[in-house]
């Protein structure tokens, strides 16, 4: 909580920053756009109308938090961490990169596969008025809008002990929000560029999903530890080879090169799975609700009240209905 308290102490009302003549033009433009995005979130996406993202804080660093993700050597199931107000998560966040790295080192000594990933934003689920951060003021307008929509979505629905459900729901809201935001502004070219990015994301996610399935089958097998370790390395090497082939169709786009070139392990596949695997289901559920977001949110809340195993059957039912 110390890191979060420090963050709250640094925030200032955006209106106050905009009224300051010494505010640099670049920041002024970013904050003005952010407030238009924030207004759109509540007026057009039915997201909470509160003081979240009406303030700004410069953390003087690249990421807001660093998430530690871990899995056992022969498992693609994430280690869980449980907390008082938010239940159990598939990752553990730190405000200090050094602290995250130190904890990751401890987990490695215990035999876990570990990955430390920086995050540009996080949500307190409405417990506090979350501010805009300098870490969010990067990349494209679509990306910046998506962060606000995603984090506000967590304030609408958040189910204890189901990170995959929560993150996929917020990602679905994020993507629909970006679509409506850009098209409402008549930015069709920007929307097409965004769709191209999502297409690449989808192709990469498919590759990762195939890799997870191969690892899952390997880990379930009765092969020896030595054999599993050898085949595990081969599967990751094959994934990197397939990525090189996939990238040839991307016209020089190389945003994933650094991530893919590192020494990969089970944990690297988990965070992406948490955010994306159920997104198609939530998109189908939105279609079933005639693209009406209030109805969609209500349907997601009802779904969240079900037992986790019962929810899984609903995923398949909704997907079948929409495909018909």
Please verify whether residue 189 is part of a helix (DSSP H, G or I), surrounded by fewer than 19 Cβ atoms within 10 Å (Cβ to Cβ) and either within 18 Å of the chain's Cα centre (by Cα) or free of Cβ contacts under 8 Å to residues at least 24 places away in the same chain (or both), treating the condition exactly as stated.
yes
Check residue 117 against each of (1) over 27 Å from residue 12 (Cα atoms); (2) not in a strand (DSSP E or B) and name the one condition it does not meet.
(2)
Among 173, 148, 138, 157, which is touching a residue at least 60 places away in the same chain (Cβ under 8 Å) and surrounded by fewer than 23 Cβ atoms within 10 Å (Cβ to Cβ)?
157
Among the residues listed as 247, 223, the single one being surrounded by 14 or more Cβ atoms within 10 Å (Cβ to Cβ), free of Cβ contacts under 8 Å to residues at least 12 places away in the same chain and outside any helix (DSSP H, G or I):
223
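From the set of residues in segment 145-171 that are in a helix (DSSP H, G or I) and out of contact with any helix residue (DSSP H, G or I) (no Cβ under 6 Å at 6 or more places or on another chain), which is farthest from residue 197 (Cα to Cα)?
In this case the residue turns out to be 155.
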Within segment 92-109, can you find the residues that are under 14 Å from residue 266 (Cβ atoms) and either touching a residue at least 40 places away in the same chain (Cβ under 8 Å) or not in a helix (DSSP H, G or I) (or both)?
none
May I ask you to list the residues in segment 172-183 that are within 20 Å of residue 314 (Cβ to Cβ) and out of contact with any helix residue (DSSP H, G or I) (no Cβ under 6 Å at 6 or more places or on another chain)?
176
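Does at least one position in segment 267-283 carry a residue that is in contact (Cβ under 8 Å) with a residue 24 or more places away in the chain, touching a strand residue (DSSP E or B) at 6+ places or on another chain (Cβ under 7 Å), assigned to a helix (DSSP H, G or I) and over 22 Å from residue 175 (Cβ atoms)?
Looking for residues that are in contact (Cβ under 8 Å) with a residue 24 or more places away in the chain, touching a strand residue (DSSP E or B) at 6+ places or on another chain (Cβ under 7 Å), assigned to a helix (DSSP H, G or I) and over 22 Å from residue 175 (Cβ atoms), one finds at least one in segment 267-283, hence yes.
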Check on residue 34, within 28 Å of residue 216 (Cβ to Cβ) and surrounded by 21 or more Cβ atoms within 10 Å (Cβ to Cβ):
no
Filter segment 42-86 down to the residues that are buried (at least 19 other Cβ atoms within 10 Å of the Cβ) and not in a loop (DSSP other than H, G, I, E, B) and list them by number.
45, 55, 56, 57, 65, 66, 67, 68, 69, 70, 71, 78
If the Cβ limit is 8 Å and pairs must be 6+ apart or interchain, which residue in segment 34-46 that is free of Cβ contacts under 8 Å to residues at least 40 places away in the same chain pairs with which residue that is surrounded by fewer than 22 Cβ atoms within 10 Å (Cβ to Cβ) and assigned to a helix (DSSP H, G or I)?
35/14
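Here, each number is a calculation from the coordinates, and none is a lab measurement. Keep in mind that what you see is a predicted model, and the values were worked out from it rather than measured. A quick note on method: Cβ atoms are made from the backbone with ideal geometry, for glycine too, and the neighbour counts reach across all protein chains shown.
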